[in-house]
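Each remark here refers to the structure printed beneath this line.
The values are calculated or read from the model by the stated rules, or taken from the named source; none is laboratory data. What you see is a predicted model; the values in this text were computed from it and never measured. Here the Cβ is made from the backbone with ideal geometry for all residues, glycine too, and neighbour counts use every protein chain on show. Quick note on the areas: whole protein, heavy atoms, side chains included, nothing else; ligands and nucleic acids left out. Shrake-Rupley method; radii C 1.70, N 1.55, O 1.52, S 1.80 Å.
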Amino acid sequence: TGCEKEPSSYMWIYILLGNVLRGIGETPITPLGISYLDDFAKEENVPVYVGCLHTIAMMGPMFGFLLGSLCAKLYVDIGFVDPGSITITPQDSRWVGAWWLGFLIGGVLSFLSAIPFCFLPKSLKKPEGAKKDKASHGLLENTGAMGNKLSPEKTKPRKWSAMLKGKYFYNSLKKVLGNRMYFTFLCCSLLQFSSFIGFVTYKAKYMEQQYGQSTSKSNFLIGVTSLPPVGLGIFLGGLIMKKYKMGIIAATKFSITMSFLSYAMALLHFFVGCDNNMVAGMTVSYE
């Protein structure tokens, strides 16, 4: 009983609240950024711009893994203890890296990168030759979400609290989720991101356990090998859509083909791996 000790630290609450705030700040970038591009760019250029946006979004985790690799080489109490007094190395199982340093660096960089957004104009000039009826505009008209209430004279600004309480919000939500193509896209995205997040989350631990790599080296290898191809694929997809001027149906067929090829290649993971380590009491008996 003398070896048992209940955890008493509540630092996880601060990490939880920090991630909640981070999520709130990150969420508007994707929907509002894409809408901003769709409204003020030529229709044939939108796929390339959106591809660039998502490519840059994939470069962030890549640099994050590289930063995590660097921080994992530093002792967790860096700045508070004498480095010469540390007798263990990053290869030691008792080593704890400076995981908190990445949050500070990332937070400062996020704050600095947010400053230029304050200087973006509320509205831009529509490019010459841009169609008045965008594809997304037409889709919403077909679902009846806009109807005849599109004219700015008839539309009055509403407070978000009033929108949530009234029927407007629920009717809009019902019409959006009633769009079969959009709802199918949501389900597809849910499955894709669930598998991708699980893959990235546990791949580092798998490399540590099966291949005997340190946390620092595992993060470095993932950042260099896994994420750049994803960003490159997103960018090439945008170029292909622009070159062949794909509509919604053509883009759907293209997505199905690429998803099937990705699924077929992912099956190869079943044929790669190592034998389980021998652990007394788990994979082998104590005798």
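The table below gives the values:
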| read-out | value |
| --- | --- |
| Count of region 176-217 residues which are of a type in the set (D, E, K, R) and open to solvent by less than 50 Å² (accessible area, probe 1.4 Å) | 1 |
| Matching helices (runs of 4 or more DSSP H) fully within region 180-287 where at least 1 residues are among the basic types (Lys, Arg) and under 28 Å from Gly64 (Cβ atoms) | 180-211, 215-225 |
| Flag if Ala57 is within 30 Å of Asn179 (Cα to Cα), at pLDDT below 85, assigned to a loop (DSSP other than H, G, I, E, B) and aliphatic (A, V, I, L, M) | no |
| Tabulated pairs, region 84-112, first over 20 Å from Leu66 (Cβ atoms), second surrounded by 14 or more Cβ atoms within 10 Å (Cβ to Cβ), C-beta under 6 angstrom, 6+ apart or interchain | Ile86/Tyr75; Ile88/Trp95 |
| Extreme residue, modelled with the lowest pLDDT, among residues of region 218-238 that are surrounded by 14 or more Cβ atoms within 10 Å (Cβ to Cβ) and among the hydrophobic types (A, V, I, L, M, F, W, C) | Leu227 |
| Conditions (1) over 25 Å from Val96 (Cβ atoms); (2) in contact (Cβ under 8 Å) with a residue 24 or more places away in the chain; (3) open to solvent by 70 Å² or more (accessible area, probe 1.4 Å): number failed by Asn277 | (1) |
